[in-house]
Amino acid sequence: MRIFSFLLFFITAQGISAQMFNKGYVKVPDCVEQLLVDSYGGEEPNAGKFVVNLLDINNTNFCNGVFAFKGQGVHCPRKIFLNKDGLIYIFSSHGFEAPKKVLQEYIECSTALQLTNNEFVAYLYAIYRYLDEERGMTYGIEIKSDEYNRD
């Protein structure tokens with residue numbers, strides 16, 4: 001009876017953790033997922049699996065807006081991209097190390113994607129929140145650089 005109870009608990013816990021893991025992530029089209037993976041140089045194969053909508057964290061539909069994504073590793077920094085009517089703009093700058101460059105890219109992106117004034121302001125607010133969350137993050141950069149500088 002104890003073994004049965006343990007197995008039932010284990011199976012239930014696995015199901016709950018799987019549901020929690022998938023909650024909040026946006027399922028992007030395969031072609032977009034590949035672009036996200038490629039943006040990390042192809043070294044983060046699951047980067048397209050961990051996508052969140054920065055305009056509405058509870059919206060798991062792929063739609064127009066600002067999205068954050070990252071690979072699985074703890075040293076993998078979050079990145080952002082915009083989608084407007086199927087046109088994707090992936091930011092090359094990281095918010096934790098170059099917030100000014102992120103904003104410069106945003107200006108370029110807003111022109112390239114022809115954002116409306118309302119979209120521009122809404123997306124800018126989402127990017128501000130992203131940059132605020134990234135402030136102080138290091139993703140282990142100082143640890144990585146120590147590893148590379150060792151003889």
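Bear in mind these aren't lab numbers, they're just calculated from the coordinates by the rules spelled out. Predicted model only: the values in this text are computed from it and were never measured. Because the Cβ atoms are built from the backbone with ideal geometry, glycine has one as well, and the counts that use them run over all protein chains shown.
The set of residues in the range 64-116 that are within 17 Å of Asn53 (Cα to Cα) and of a type in the set (Gly, Ala, Ser) comprises Gly65, Ala68, Gly71, Gly86, Gly95. Just a yes or no: is a residue in the range 127-135 assigned to a loop (DSSP other than H, G, I, E, B) and at positive phi? No, the conditions are met nowhere in the range 127-135.
In a residue-by-residue description of the range 53-60, the property of being crowded, with 20+ Cβ neighbours inside 10 Å and over 28 Å from Asn118 (Cα atoms) applies to no position.
Here the range 96-125 is the region considered, the condition is being in contact with a strand residue (DSSP E or B) (Cβ under 7 Å, 6 or more places away or on another chain) and of a type outside the set (A, V, I, L, M), and the residue that is nearest to Gln34 (Cα to Cα) is Cys109. In the range 50-105, what count of residues is obtained for those that are within 18 Å of Pro29 (Cα to Cα), over 9 Å from the mean Cα position of the chain (by Cα) and not hydrophobic (A, V, I, L, M, F, W, C)? Looking only at that region, the number is 10. Could you please find all residues in the range 106-128 being over 17 Å from the mean Cα position of the chain (by Cα) and not hydrophobic (A, V, I, L, M, F, W, C)? Within the range 106-128, Glu108, Ser110, Thr111, Gln114, Thr116, Asn117, Asn118, Glu119 qualify.
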